[in-house]
Amino acid sequence: MQGITLEISRFNPYTNDKSPTLRGFCNVTVSASDSGFSLEIRDCKYHRKPDGSDWVATPSRPYETDDGQRAYFNLVRIMDDEDYKWFQRTACALLAALDNPRPAETTAPAEVHIDEDEIPF
């Protein structure tokens, strides 16, 4: 996406036997260079399977379905499918470099930044 960059901040590695794919939590900042607009999406989850496939889950809220099952409602949604795929490719490449160095899988402009501020939770 031309003129749009992602920045990863506050990446906190995390492991848990109940969620073996969860690698950590982070904030993702989306910036538009032409307007100066930026949006920080806090508390994203970075997942990676043993086969190497990975994804970024935006913040969500749990709820109970009519049949008593736990489900999750995404609080952030990227409306366009191609934009969503770009976001996933770019964020995952940046996070993979932080979590377990490997070659980046995207040529999209991006920046990695680790924010050293203490997280209040």
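What follows draws every value from the coordinates through simple rules; no lab data is involved. Everything quoted here is computed from the prediction, not taken from an experiment. Note: ideal-geometry Cβ built from the backbone for every residue, glycine included; neighbour counts use all protein chains shown.
Points worth noting:
- If the Kirkwood radius is taken over C-alpha pairs of the stretch 4-112, then at 37 °C and 0.692 mPa s the Stokes-Einstein diffusion coefficient equals 221 µm²/s.
- Order of Cys26, Cys44 under a 10 Å beta carbon neighbour criterion, fewest first: Cys44, Cys26
- Sequence-distant lysines (8 or more away, or on other chains) whose Cα lies within less than 20 Å of Lys18: Lys45, Lys49
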